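What follows draws every value from the coordinates through simple rules; no lab data is involved. Everything quoted here is computed from the prediction, not taken from an experiment. Quick reminder, even Gly has a Cβ in these numbers, built from the backbone with ideal geometry, and neighbours come from all protein chains shown.
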Amino acid sequence: MRIGTRVIHAGHGPAVQGEPFSGGVTFAAPYYASGDPSTSPYTYGRDHNPTWTQFERALSELEGGAAVSFASGMAAVAAVFGTTLRTGDVLVMPSDGYYTARLLANGFFAENGVQVRKAPTAGSGLSELPERAKLLWLETPSNPGLDVCDIEELVKAAHKKDVLVAVDNSLPTVLGQNPLELGADFSVASDAKGLTGHSDLILGHVAVRDASLSKKLLVWREQIGAVPGPMEVWLAHRSLATLEMRMERQCRNALAIAECLLTRSEVNGLRYPGLSNDPSHEIAAKQMRYYGPVLSFVLADRAVAEKFLRSCKLVIEATSFGGVHTTAERRARWGGDDIPPGFIRLSVGCEDSRDLIDDIAQALDAV
C-alpha cells in the first residue's frame, strides 16, 4: 500500500456496520476495573486511553515500529534522554540542532553527570564517538540551518560501538523520511509541526523497533506523567489523513520559492535541501521522500530582516514550522543559534505558490 493511502487509513480498524470511520474522543481518568486490574485493558487515565491507542497504532503503522505519544515534542526528547542516559554516559549531539534539546542536555542531564559532546551536523564530527558514548542524537535537516547528515552511515558507525541512535524527525515527518527504516533506534518528533500541520496542537511521539525500548518509554511516561490530552491526540489522528496532500503542496511551494530567491541579489546563504545545488542535496536525495517545507536565507542585517517581515502581507511572523499557513521569523531574535542577525527561517504553507512568490518579492523590493 502506498504512503498516501496509508496515512488516510492508518490506525483505523476493520469496518463495522453502523460504526463511525474513526472512534470519538475518550475523556476518562478512572475506568471500571474491578478485581484483578490485569484483566482490564484500561484502568487509569495516566496509564492509557483508547484515543491514544488508536493514534499510536496509526503512528506505528507509518513509522514501522511501536510508537508512544507524549504531551509535547520536548517531553518526547526528555523521554529518550531519560531512558537511555545515566551518570558517566556520553551524549553526542549536533551543535546546530534544536536549541531547547541542547538546553535540556546541557542543563538537567549535564548537571546529573551526563557528558555532552557536540559536533556540526555537516561533516564527520558526529561519527567520532568517544568512550562511554551511549546515545547519538541526530537532527536532519538541522533546525534552523538545514544541514543534512547521512543517517544510515552514522547508524552503522554507532552500532559498531553499541551506541544507540535517535533522530529528531520533526521537520520532514515520517512521510518525508523514515529513521527506523534507515536503522535508527528512535524516531522522535514534535507533532506540533508538520505531522498535524494546523498550528493548533502541542504534541510529540517516539517510535522504536525494540520492544524493550518501548516498554521503558511507556514506564517513563506513566511515572513522569508527560501524557497527552485525548482531544489533542484525536485531532492529531484526524490531521494525519491530509499529511501527504499538505506535504506535497508545501514542498512544491518551498522549492518554487527557493528557486525564485536564487535570483534575488538581496538574498544570501539560501538553504533548501531540495535545490540541486544545495550542499545537502546529495545526501538528502538518498534518504528523504520529501525535502520538507522549511527554507532559510540571510538578509543584510537585523533591520533589513525586520523590515522584510513587516512588509510581508501573506507571510505571518511567528515561530515554529510545518503549518498550512506560511510563516517566517528572524530566528536570531531568540538567541542560542550560531546564525547571522539577518537570518530568516521560512516555513512554507499551502497557499498558492504564485501568491507567496509575489508577496515575498514585494517585501524584498521594499527593503
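Let's test the formula: R0 of 41 Å, r as the Cβ-Cβ distance of Ala211 and Arg354. What FRET efficiency results, to the nearest 0.05?
Once the sixth-power term is evaluated, E becomes 0.25.
Mean residue ellipticity at 222 nm from the helices of the chain, using -39,500 (n - 2.57) per DSSP H segment of n ≥ 4 over the full residue count, to the nearest 500 deg cm²/dmol? Please report the intermediate quantities before stating the final value.
Numbers: 12 runs with 128 residues, N = 367.
Here the helix-only value at 222 nm equals -10500 deg cm²/dmol.
Measure nothing but the geometry: give the 0 to 90° angle between the long axis through the Cα atoms of 151-160 and the longest principal axis through the Cα atoms of the chain, rounded to 10°.
50 degrees
Report the net charge of residues surrounding Ile283, where surrounding means a beta-carbon distance below 15 angstrom and charges are Lys +1, Arg +1, Asp -1, Glu -1.
-3
Any idea which of Leu126, Ile257, Leu299 is furthest toward the positive side of the dipole for the chain, if Lys and Arg beta-carbons carry +1 and Asp and Glu beta-carbons -1?
Of the options given, the answer is Leu126.
By how many nm would the segment from Leu218 to Ala256 grow when fully extended, if each residue of separation counts as 0.36 nm and the alpha-carbon distance is taken off?
9.5 nm
For the chain, what is the percent of antiparallel DSSP beta bridges, rounded to the nearest 5?
55 percent
Given +1 on the Cβ of Lys and Arg, -1 on the Cβ of Asp and Glu, and no further charges, what dipole in debye does the range 3-240 carry about its Cα centre, rounded to the nearest 20?
The calculated dipole for the range 3-240 is roughly 280 debye.
Take Tyr291, Tyr42 and order them by how many other Cβ atoms sit within 10 Å, fewest up front.
By the 10 Å Cβ count, ascending: Tyr42, Tyr291.
Could you tell me what fraction of 2.2 N^0.38 Å the Cα radius of gyration of the range 3-240 comes to, as a two-decimal ratio?
1.03
As an exercise, identify the GluC sites (Glu not before Pro) in the range 64-163 lying in DSSP coil whose Cβ has no more than 12 other Cβ atoms within 10 Å.
Passing both the DSSP loop test and the Cβ count: Glu128, Glu131.
Using only the alpha-carbon atoms, how far is helix 353-366 inclined from the longest principal axis of the chain? Give it as 0 to 90 degrees, nearest 10.
Once rounded, one gets 50 degrees.
For the range 157-277, just the Cα atoms, rotate onto the principal axes and tell me the three extents in Å, largest first.
On the principal axes, the range 157-277 reaches 54, 42, 23 Å in Cα extent.
Between Ser127 and Lys286, how high is the FRET efficiency from 1/(1 + (r/R0)^6) when r is the Cβ-Cβ distance and R₀ = 22 Å? Nearest 0.05.
In this case the efficiency is close to 0.85.
Taking other Cβ within 10 Å of each residue's Cβ, how do His12, His205 sort, fewest first?
In order of increasing Cβ crowding within 10 Å: His12, His205.
Sequence gap at least 6, Cα distance under 8 Å: using those rules, report the relative contact order of the range 243-366 to the nearest whole percent.
Relative CO of the range 243-366 lands at 28 percent.
Treat each spin label as a single point 7 Å out from the Cα along the C-beta direction, and report the Glu111 to Arg86 distance in nm.
2.2 nm
Report the label-to-label distance for Ile3 and Tyr44 in nanometres (one decimal), using points 7 Å from each Cα along the Cα→Cβ vector.
Result: 4.0 nm between the two label points.
For the residues Arg86, Arg117, Arg2, what sequence is obtained by ranking on other C-beta atoms within 10 Å, fewest first?
Ordered by Cβ neighbours within 10 Å, fewest first: Arg2, Arg86, Arg117.
Roughly what angle does helix 230-240 make with the longest principal axis of the chain, taking Cα atoms, 0 to 90 degrees, to the nearest 10?
60 degrees
Calculate the FRET efficiency for Asp338 and Thr263 from the Cβ-Cβ distance with a Förster distance of 25 Å, rounded to the nearest 0.05. Please report the intermediate quantities before stating the final value.
On the way: r = 28 Å, r/R0 = 1.10.
About 0.35, to the nearest 0.05.
How far apart, in nm, are two points set 7 Å out from the Cα along the Cα-to-Cβ line at Glu152 and at Phe27?
4.8 nm
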